[in-house]
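Engineer: The structure is given below, and queries will be raised subsequently.
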Amino acid sequence: MIDPDALVQPIVLPPDAKHHPLSAVITVASTASAAALAACDRTDPAWSTWLAGRFTKSVRVAKSRADFTAALESASSVVETPDLAAAAFAPMTYPDMPKWMSRARVEGLRCEDDLPALPGDGDWSVGVIAEMSAGKTAAQVAHALCRIVLATGGLPSFSVYRAQDTAAGPIEIIDAGLTEFDGVPTRTVVASRYRA
């Protein structure tokens, strides 16, 4: 059951998101989320209340190009590459979501898994441990990036890779299990400063 008063940060992807590789989807969605946090006024009640809670995010795939254009035009943060874009918003309640956002698809985004086995370049390396949908993975990586923003004060450069389940780091994200893990809290993502 979804609490209608709970705050969630929506992150919207284009209708063709499933045709992009997992690494690209994760990178644009999580960067948009963390960039919105980095630029926000943390005294704003939406942000301060959200930050005091679970940092819940909802990665959504727009139903149409028109809906995605609406997302791009009204977002707190937009991250674009030549092939893909994502729009992130300030936290809001589910009833406060615009109609185009509430009808966007939330579940089942699957993308070609192209995550490398080792970290790449960047100030931080973010390792994905658990098997999740692309949207869930992007939300979990975004959670790690938001923790990094809060710890360092800035948006980091980062790489994403497929980590072993024994991986560890100073930032570990444990999902509450409300959507994809059958109610079982699950360690999903670890992040650490990159070492060459």
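Engineer: Figure the gain on full extension for residue 80 and residue 176 (residue separation times 0.36 nm, minus the Cα-Cα span) and round it to one decimal in nm.
Structural biologist: 31.6 nm
Engineer: Now, a different point. Using modelled amide H (1.01 Å from N, peptide plane; none on Pro or chain starts), what sits under 5 Å from the amide H of residue 171, excluding residues fewer than 5 places away?
Structural biologist: Amide H neighbours of residue 171: 191.
Engineer: How far is helix 22-39 tilted, in degrees, relative to the longest principal axis of the Cα atoms in the chain, given as a value from 0 to 90 rounded to the nearest 10?
Structural biologist: Its long axis makes an angle of about 70 degrees.
Engineer: Report, to the nearest 10°, how far helix 65-74 tilts away from the longest principal axis of the Cα atoms in the chain, using its own Cα long axis and a range of 0 to 90°.
Structural biologist: The helix 65-74 is inclined about 80 degrees to the chain.
Engineer: Something else now. Under 5 Å between amide hydrogens, which residues at least 5 positions from residue 162 or on another chain qualify, with H placed 1.01 Å from N in the peptide plane?
Structural biologist: When sequence neighbours closer than 5 places are left aside, the close amide H contacts are 117, 118, 128.
Engineer: What is the dipole size for the chain, taken about its Cα centre, with +1 at each Lys and Arg Cβ and -1 at each Asp and Glu Cβ, in debye to the nearest 20?
Structural biologist: For this selection, approximately 80 debye.
Engineer: Sticking with this one: Per the helix-only calculation at 222 nm, which mean residue ellipticity applies to the chain, given -39500 (n - 2.57) for every DSSP H run of n ≥ 4 and division by its residues, nearest 500 deg cm²/dmol?
Structural biologist: Result for the chain: -9000 deg cm²/dmol, rounded to the nearest 500.
Engineer: Hey, any idea what the orientation-averaged projected area of the convex hull of segment 1-156's Cα atoms comes to, in nm²?
Structural biologist: 9.1 nm²
Engineer: Per residue of segment 134-147, in order, report the coupling 6.51 cos²θ - 1.76 cosθ + 1.60 (Karplus, θ = phi - 60°) as ³J(HN,Hα) in whole Hz, putting x for Gly and Pro.
Structural biologist: Running phi through 6.51 cos²θ - 1.76 cosθ + 1.60 with θ = phi - 60° gives 4, x, 5, 4, 4, 5, 5, 5, 4, 4, 4, 5, 5, 4 Hz.
Engineer: Considering Cα pairs under 8 angstrom that are at least six residues apart, work out the relative contact order of the chain and quote it in whole percent.
Structural biologist: Normalised by residue count, the contact order of the chain is 26 percent.
Since every read-out is calculated from the coordinates, none of them should be taken as a lab result. All values derive from a computational prediction rather than experimental measurement. Ideal geometry is used to build each Cβ from the backbone, glycine not excepted, and the neighbour counts take in all protein chains shown.
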